[in-house]
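Working notes, structure below.
The values are calculated or read from the model by the stated rules, or taken from the named source; none is laboratory data. If you're wondering where the values come from, they're calculated on a predicted model, not measured in any experiment. Using ideal geometry, Cβ is built from the backbone for each residue, glycine included, and neighbour counts are taken over all protein chains shown. The area values use the complete protein model at the heavy-atom level, side chains included, leaving out ligands, DNA and RNA. Shrake-Rupley method; radii C 1.70, N 1.55, O 1.52, S 1.80 Å.
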Amino acid sequence: MEKLEQIYEGKAKKVFKTDDPELFIVDYKDDATAFNGLKKGTIVGKGVINNQMTNRLMVRMEKAGIPTHFVKELSERETLVKKVSIVPLEVIIRNISAGSFAKRYGVEEGIVFDQPTIEFSYKNDDLGDPLINRYHALALKLATAQEIDTIEKYAFAVNDVLKAFWSECGVTLVDFKLEFGRLSDGTIVLADEISPDTCRLWDSKTHEKLDKDRFRRDLGGVEDAYAEIMNRLLAHDAD
Ligand code: ADP
Ligand code: UDP
């Protein structure tokens, strides 16, 4: 598979064309950003961890019947994926209050919900990814009603698989963000990444944060936390 021209450089990954028009290569960087790009830094080794973690978790999703963009891991930082047209919605599932939910609704972090919540942000950096509901998304023609139904169903299914797996690893899944895309035939698949950049993961016993909040909140031990969460995954994810 030949890596052709770069078509996009995002905050955490680069995307390349290949000699197959239906396949892209994503290349994970160590660059870290927070607060809509206002805070910038480097987390050494993050690209390798996020690439490998995402791929292993995507394989788990496929096994659970959730279609994904994953094709093949090519190197430590590079993965072959199916090209999709990204649905411009960030899909956020929460099991426990944290982050913008706690801030927006004036509650403490750490409240365990009776059932998971779902919310959407409009994926638009210029607007700062504003919160959006299903009706707004339909009005803006970001997706069809049927696509939103599918996305919601898959997102809750991802939560069930992810929560159960992280629990085996002694990790509590607090919340996470997913992105979905359309294949050229219109099929909705899970795309982008599932990593400590996009999930809040707390040690089940100590509640120590093992995710990007260590970077966002200047808690220190960022690289150690990424390495720890990857080791927990590897210990419970036999090949
Ligand atoms: P951002 O765009 O938010 O800075 P990244 O640095 O992670 O994010 O860039 C990767 C980009 O690639 C994102 O915009 C993401 O939506 C997009 N993407 C992820 N998976 C695919 C895919 N299979 N096909 C096309 N684009 C994808
Ligand atoms: N998230 C993400 N990308 C974003 C916004 C959020 O991956 O652009 C993830 C974040 O890591 C967390 C979850 O989505 O696991 C919920 O984030 P929240 O809305 O609380 O926003 P934040 O506190 O990150 O601003």
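Structure summary
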quantity	calculated
Qualifying trypsin sites (Lys or Arg not before Pro) in the range 75-143, DSSP loop, other Cβ atoms within 10 Å at most 15	Lys141
Axial C-alpha extent at least 30 Å, average Kyte-Doolittle at least -0.5 - helices from the chain (DSSP)	145-168
Mean ellipticity per residue at 222 nm, deg cm²/dmol - from DSSP H runs of n ≥ 4 across the chain, formula -39500 (n - 2.57)	-9500 deg cm²/dmol
Contact order relative to length of the chain, as percent, for alpha carbon pairs under 8 angstrom and 6 or more apart	18
Taking the range 1-88 and dividing mean pair separation by its residue count, relative contact order in percent (alpha carbons under 8 Å, at least six apart)	24
1.4 Å probe accessible area per residue over the range 1-74, in Å²	50
Against the rule of thumb 2.2 N^0.38 Å, how large the Cα Rg of the range 39-116 comes out	1.43
Accessible carbon and sulfur surface of the chain relative to its total accessible area, %, 1.4 Å	51
Spread of Cα-to-Cα distances over 5 Å intervals beginning at zero, given as percent, for the chain	1, 6, 14, 18, 20, 20, 13, 6, 2, 0, 0
Selection from Ser167, Ala139, Ala155 lying farthest towards where the dipole of the range 136-189 points positive, charges on Cβ	Ala139
Cα→Cβ-extended label distance, 7 Å offset, between Asn133 and Asp114, nm	2.1
